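Working notes, structure below.
The values are calculated or read from the model by the stated rules, or taken from the named source; none is laboratory data. Small disclaimer: the values here were computed from a predicted structure and weren't measured. Note that each Cβ is placed from the backbone with ideal geometry, even for glycine, and that neighbours are counted across all protein chains shown.
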């Protein structure tokens, strides 16, 4: 029995006995799991040579993929996102039966091809999460992840087929409609994006909580510590996040109930951290082990994280990734050093009334670099002034070197305000953007209500 068939049998049994896969995996040493996965990885390397792009790229990099045993054996060879945006068909090693797309953060479509069997297999693996969270017969799931060209509800709709749970996968409906049905259908588990969950919570605060929830399961992007705390406090339920992507075509990592980083799907992926800095943060690079139509080998995701070396109290042997620090294209260098999105989290943590969506932009005005914080905040001028003062106070307390550069006028800071729900123009929102070459976009000037710190 090969590794893939063995994992399918295990998760098929998990449909009847939801806790069985978790118990089995807790007893499996990580070294054994990697040894069982190794033949599938070697087969992936050989299979990739059927693809014209891989064949040419391996030759250009002077690597013999047929002799490689681990992704690291391929040396300086990497697959970059541009190929999936411009020439995805060149990566095909088999006959595709469907495709999924993501607009990404650059506006270019990323396309991944799969077979139906691969999609169904990916969905079955999601049963591990549900068993880990203790979900089973009697639980009732609502999923409002996007039902469009992407992964979202496409994967969840198939995942719930392999569980005994009552479930409805409805796509990204209006949170007000979902609120009306929470009590009617007695949903106790909600799967969606963080911004959607935050809006549902706002509605429930206004109209009354329809009932307690057992679990909020987030996907799509990260969640701020403050938003997580507010959701958990209001609903009396844990918020657990997943790390999935179009390129992975499934869940690459997931938080357990301890919520201390992402446990990796070590069955189906080899994951590396490359170009790590002094703190261990580097780019996540993945290699698929079970994909045969369009295998990805050393794919540079652009996501930045680090390994969490300590064992997790949940007992799973999978390695863990830290929460994502941001993306490589969301890191800029300026008078405040190498900025990344989590630089701003402490500045915004105590701002009253702040929505989950925000953005920081760096541009220049009269030769002076300017950091512009774009915040969604309901309220009058007094509320905006309080927000500005809270940001300045937090900058002084938590980032003393940045505060000094601000006082020395080496860099300027301004805070601009938008109505809740207006910053997000697509499925993803870049937290940090570099606009030094272009200046702020016109929509910012049109929509903004500005207060500059004095």
Restricting the range 324-336 to residues that are more than 15 Å from residue 276 (Cβ to Cβ) and assigned to a loop (DSSP other than H, G, I, E, B), the one modelled with the lowest pLDDT turns out to be 335
So residue 280 ticks every box in (1) in the same structural domain as residue 79 (by TED's automatic domain parsing); (2) at negative phi; (3) at pLDDT 90 or above but one. Which box is left unticked? (2)
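Among 321, 373, which is the only one that is modelled with pLDDT of 95 or more, closer than 30 Å to residue 269 by Cα and either surrounded by 20 or more Cβ atoms within 10 Å (Cβ to Cβ) or not assigned by TED's automatic domain parsing to the domain that holds residue 433 (or both)?
Result: 321 is the single residue among 321, 373 that is modelled with pLDDT of 95 or more, closer than 30 Å to residue 269 by Cα and either surrounded by 20 or more Cβ atoms within 10 Å (Cβ to Cβ) or not assigned by TED's automatic domain parsing to the domain that holds residue 433 (or both).
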Determine whether residue 310 is farther than 18 Å from residue 42 by Cβ, assigned by TED's automatic domain parsing to the domain that holds residue 123 and surrounded by fewer than 23 Cβ atoms within 10 Å (Cβ to Cβ). yes
Every residue from the range 187-210 that is exposed (fewer than 13 other Cβ atoms within 10 Å of the Cβ) and closer than 19 Å to residue 156 by Cα: none
So the strands (runs of 3 or more DSSP E) completely within the range 80-148 holding 3 or more residues that are closer than 17 Å to residue 188 by Cα and assigned by TED's automatic domain parsing to the domain that holds residue 252 are 140-143
Report yes if some residue within the range 259-272 is buried (at least 19 other Cβ atoms within 10 Å of the Cβ), at pLDDT below 90 and within 19 Å of residue 299 (Cα to Cα); otherwise report no. yes
Criterion: within 29 Å of the chain's Cα centre (by Cα) and closer than 21 Å to residue 441 by Cβ - qualifying residue of 348, 373, 354: 373
Set 354, 395, 339: member being under 27 Å from residue 196 (Cα atoms), touching a strand residue (DSSP E or B) at 6+ places or on another chain (Cβ under 8 Å) and not assigned by TED's automatic domain parsing to the domain that holds residue 195: 354
